[in-house]
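The values are calculated or read from the model by the stated rules, or taken from the named source; none is laboratory data. For clarity, every value in this text was computed on a predicted model and none was experimentally measured. Cβ coordinates were reconstructed from backbone atoms using ideal geometry, including for glycine residues, and neighbour counts include every protein chain displayed. Ligands, DNA and RNA are excluded from the accessible area calculation, which covers all protein heavy atoms including side chains. Shrake-Rupley method; radii C 1.70, N 1.55, O 1.52, S 1.80 Å.
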Amino acid sequence: MTSTAPASTTATAPTGADSAGLVLRDFGGGPFGIYIHVPFCATRCGYCDFNTYTAGELGTSASPESWFEALRGELATAAEQFEGLPSVTPAVETVFVGGGTPSLLGGDGLADVMTAIRDNFALAPGAEVTTESNPESTSPEFFERLLDGGFTRVSLGMQSAARHVLKILDRTHTPGRAVAAAQEARAAGFEHVNLDLIYGTPGETDADLDASLDAVLSAGVDHVSAYSLIVEDGTALARRVRRGELPAPDDDVLAARYERIDSRLAAAGLHWYEVSNWAANEDARCRHNLGYWDGGDWLGAGPGAHSHVGGMRWWNVKHPARYADRVALGGLPAAGFEALSEEERYTERVMLTVRLRAGMPVGELDGSGWVAAERVIADGLAELCGDRLVLTDRGRLLADGVVRALLG
């Protein structure tokens, strides 16, 4: 998961070492994590608008080797800048390697990433270390190397068990490979394994979704993420929908599918802790993502990665070649930065915490927010659980609307 910079007054970061001094602030006192962005993919999925590149798109301008050298440089520079902050750099509680397709680096490449992090930052005892992986680029040996390299958690992109749905999404793995990969990860010794689902793809039926859920539950994973298909502007999928080749996802169908997913997962002992995430127990929850949702600090390293420290947010240049060039200049490779105002921090707090099963402390709502909360409760979209505002089952289906209501 990459972070998203909210809209606000944004300055353009200068090049070179001066950018770091302007960007960094002191830590906010919450959990501290590191996100690593791997921008490489073997093929481009039609629905994806992430900052990713195939070998054909990059040509000779960048490679995994040049990316890794730049990553090491960015981590070293960030560590030096953090040492200049008023408080001591906190130990890293979570690491998340995302993309892109991190598993294209292989087990040795991902272990090297962890070595680069350890060379510059202290990991907290019991740190959670996650990597995303494409099922087709994994193997039993891959998972064993990950464990040796310090990884504690694996997230596998399954999306669907239906071949025709995978074809529409331009996914290249075979329908059964994700389950096999999850079982290989468990056999290698990974206690925490996640499978990602996408629901609402054009052509997907209730039977297709049931087959996907059957497959997920057969894999014995302790975490599931399920996201409704969003047709993002500029993607191949958006162009197909615009030309009338595929229908746009239907909101009523998406709501019914979500309820179906929640019911099946809950019956199997996986319960929601964020609107799109289910876990078998508290230990199975993704602590890194909880750090985002709970307002923690994190360093995002790699092309296009976003960072947040003490209310200051910055984001790196996107193209891997330009990213490497900026790192070589010295300083952080920031493309832009912003200092979040109190109003912006409040907006983000509402947007993120409302989606959590733990809910939002009502004491953090401003006056108009509390008036809106009373209306939301009256409409049956949320309820008070002690001193927290928590979404009802119906409220989860309309979570974005609840957020808009609370923010007025």
Nonlocal amide H pairs with residue 46, under 5 Å, H built at 1.01 Å: 170
Residue-normalised accessible area of the range 45-127, given per residue in Å² at a 1.4 Å probe: 43 Å²
Top of 243, 322, 388 by mean-square fluctuation, Gaussian network on the chain, Cα under 10 Å: 243
Whole-Hz couplings from phi, Karplus 6.51/-1.76/1.60, listed for the range 126-139; x for Gly and Pro: x, 4, 8, 10, 10, 10, 6, 8, 8, x, 6, 10, 10, 6
For residue 336, distant residues with modelled amide H under 5 Å away: 13, 315
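Where nothing but the Cβ of Lys and Arg (+1) and of Asp and Glu (-1) is charged, how large is the charge dipole of the range 266-408 around its Cα centre, in debye to the nearest 20? Before the final figure, lay out the partial values.
Details: 15 positive and 19 negative charges, 103 e Å.
In debye, rounded to 20, the range 266-408 gives about 500.
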Carbon/sulfur fraction of accessible area - the chain, other protein chains in place, 1.4 Å, %: 50 percent
5 angstrom amide H check on residue 301, placed H, neighbours 5+ away: 35, 36, 37
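Quick check on the chain: helices-only [θ] at 222 nm, where DSSP H runs of length 4 and up contribute -39,500 (n - 2.57) each and the sum goes over total residues. Nearest 500, please. Kindly include the intermediate steps, with their values, before the conclusion.
On the way: 16 runs with 164 residues, N = 408.
Using -39500 (n - 2.57) per qualifying helix, the result is -12000 deg cm²/dmol.
Indicate the gyration tensor shape class of the range 271-408 (rounded, prolate or oblate), computed on the Cα atoms with a ≥ b ≥ c the square roots of the eigenvalues: a/c under 1.5 is rounded; otherwise a/b larger than b/c is prolate and the rest oblate. Could the numbers behind the result be given before it?
Working: a/c = 2.87, a/b = 1.90, b/c = 1.51.
Judged from the Cα gyration tensor, the range 271-408 comes out prolate (a/c at least 1.5, a/b above b/c).
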J(HN,Hα) series, the range 296-304, from Karplus relation 6.51 cos²θ - 1.76 cosθ + 1.60, nearest Hz, glycine and proline x: x, 9, 7, 9, x, 10, x, x, x
Distance in nm between pseudo-label sites at residue 392 and residue 263 (7 Å out along the Cβ direction from Cα): 1.8 nm
Within-14-Å neighbourhood charge of residue 350 [Cβ basis; K, R +1; D, E -1]: -3
Listed residues 224, 371 arranged by accessible area, highest first, probe 1.4 Å: 371, 224
Heavy atoms of residue 214 accessible to a 1.4 Å probe, total area in Å² rounded to 10: 80 Å²
Fraction of beta bridges assigned by DSSP in the chain that are antiparallel (%, nearest 5): 45 percent
Backbone HN-Hα couplings from phi across the range 244-258 [Karplus 6.51/-1.76/1.60, Hz, Gly and Pro as x]: x, 6, 9, x, 6, x, 9, 4, 5, 5, 4, 5, 5, 5, 4
Inter-label distance for residue 87 and residue 251, nm, one decimal - labels placed 7 Å from Cα along Cα-to-Cβ: 4.1 nm
Cysteines without a disulfide-compatible neighbour (Cβ-Cβ under 4.7 Å), the chain: 41, 286, 385
Environment charge at residue 257 (Cβ cut-off 9 Å; Lys +1, Arg +1, Asp -1, Glu -1): -2
Most mobile of 171, 145, 394 in a GNM of the chain (Cα contacts under 10 Å): 394
